[in-house]
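What follows is one structure encoded as structure tokens, with my remarks underneath.
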Amino acid sequence: MTLTVVDMHTGGEPLRIVTGGYPDIPKGTILEKRAYVRDHLDHLRKVLMFEPRGHYDMYGALLVEPDLPGADLAVLFMHNEGYSTMCGHAIVALGRYAVDERLVAPREPLTTVNIEAPCGLISAAVEVRDGKAGAVSFESVPAFLFARDRRIELPGYGPVGFDIAYGGAFYALADCRQFGLEFGRNRVRDFVDAATALTDKLKAELPLSHPDHADLAFLYGTILTDGQDGFSDTPTKNICVFAEAEVDRSPTGSGVTARLAAMHAKGQIEIGRTRLFESIAGSRFSGAVARTATAGPHDAIIARVGGRAYYSGRAEFIVEDDDDLGRGFLLR
């Protein structure tokens, strides 16, 4: 087999865009396409995401035929565990990619790129100057606070308070100080251990539901924050640990969306005010509540999240017939 890719990164978080080598995906809804790729083509995810071509924290995007009216392109997201429902850093990168590759006709100063994701239709606004794409912002699906001010006894840490919010995927949100952690002092490994412990506990004990589809109702990960949720001109820091203890180098677009939903529900940010969110790597996304909405029985918001993506390379990958390790492996 031969697989071709374009590699980008948004705020340090990688995105490997598949440009060739996948077989045709049967027609259907985006969630049906996601299920087909998961059930029939997962060996290709492992080739691209795992070693020796990728690594434990690699992230990927497979473009598929859109199903929703008005969508310019559709995407399936992939990572070390499987296939997520939303990925903001990927939307930022794909917005720029779509303009540069003329998947949409560029318009100055802003080009709209409508991207169908498993969670729904995402509208990306791409800054274009002299024909070149730059910064990207997007408005995602309705985001909402699902569980507020909950507490749980977490082995090894004691009582922990948390929220659960949906921003295209469900996240637990918790102040890192409850775990004795501080940004700039503790190791990333310490944050990963704490976040993973909370994710695993909540997956086992707290059922989720989504008004649109049961396939969206799963806890994707935990975001540990600096606790600075009240509005401020100072950036608020967070680290997102998702999938199989994968660490996002960016502030996490869907995570920022979820945090904004929780902040707005608690009266901590007003419509139209922009907050900066900083990642474990020091990169930043802007985030604002664009307007209110509903999601089934939930009061919701439409968030606007912005960032920049950059190209890092292009590659052609092969797997020789007798190369068992070349089919993908992970050491952690």
Condition broken by residue 174, with the remaining ones in (1) more than 22 Å from residue 79 (Cα to Cα); (2) open to solvent by 30 Å² or more (accessible area, probe 1.4 Å) satisfied: (2)
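Residues checked against (1) out of contact with any helix residue (DSSP H, G or I) (no Cβ under 6 Å at 6 or more places or on another chain); (2) assigned to a strand (DSSP E or B); (3) modelled with pLDDT under 95; (4) of a type in the set (A, V, I, L, M):
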residue: 96; (1), (2), (3), (4): yes, no, no, no
residue: 99; (1), (2), (3), (4): yes, no, no, yes
residue: 107; (1), (2), (3), (4): yes, no, no, no
residue: 126; (1), (2), (3), (4): no, yes, no, yes
Selection from segment 25-65 of residues under 15 Å from residue 75 (Cβ atoms) and in a strand (DSSP E or B) yields 60, 61, 62, 63, 64
Select from segment 201-240 the residues that are acidic (Asp, Glu) and free of Cβ contacts under 8 Å to residues at least 60 places away in the same chain and write down the one among them that is farthest from residue 286 (Cα to Cα). 205
Residue pairs qualifying under the 6 Å Cβ cut-off, at least six apart or on distinct chains, with the first in segment 305-316 being within 20 Å of residue 276 (Cα to Cα) and the second being assigned to a strand (DSSP E or B) and aliphatic (A, V, I, L, M), are 308/135; 309/8
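Just to check your reading of the model, which residue among 143, 124, 117 is open to solvent by less than 30 Å² (accessible area, probe 1.4 Å), touching a Gly at 6+ places or on another chain (Cβ under 9 Å) and over 21 Å from residue 240 (Cα atoms)?
Numbers: 143 fails: over 21 Å from residue 240 (Cα atoms); 117 fails: over 21 Å from residue 240 (Cα atoms).
So the residue among 143, 124, 117 that is open to solvent by less than 30 Å² (accessible area, probe 1.4 Å), touching a Gly at 6+ places or on another chain (Cβ under 9 Å) and over 21 Å from residue 240 (Cα atoms) is 124.
To keep it simple, each residue is scored yes or no on (1) buried (at least 17 other Cβ atoms within 10 Å of the Cβ); (2) over 26 Å from residue 285 (Cβ atoms).
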residue	(1), (2)
13	yes, no
21	no, yes
30	yes, no
43	no, yes
47	yes, yes
50	yes, yes
60	yes, no
67	no, yes
For segment 128-136, does any single residue satisfy the condition of being within 17 Å of the chain's Cα centre (by Cα), at pLDDT 95 or above and on the phi > 0 side of the Ramachandran plot? no
So which residues in segment 177-201 are surrounded by 24 or more Cβ atoms within 10 Å (Cβ to Cβ) and in contact with a helix residue (DSSP H, G or I) (Cβ under 6 Å, 6 or more places away or on another chain)? 194
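The values are calculated or read from the model by the stated rules, or taken from the named source; none is laboratory data. Please read all numbers here as calculations on a predicted model, not as lab measurements. All Cβ positions, glycine included, derive from the backbone under ideal geometry; neighbour counts span all protein chains shown. Keep in mind that these areas ignore ligands, DNA and RNA; they rest on the heavy atoms of the full protein, side chains included. Shrake-Rupley method; radii C 1.70, N 1.55, O 1.52, S 1.80 Å.
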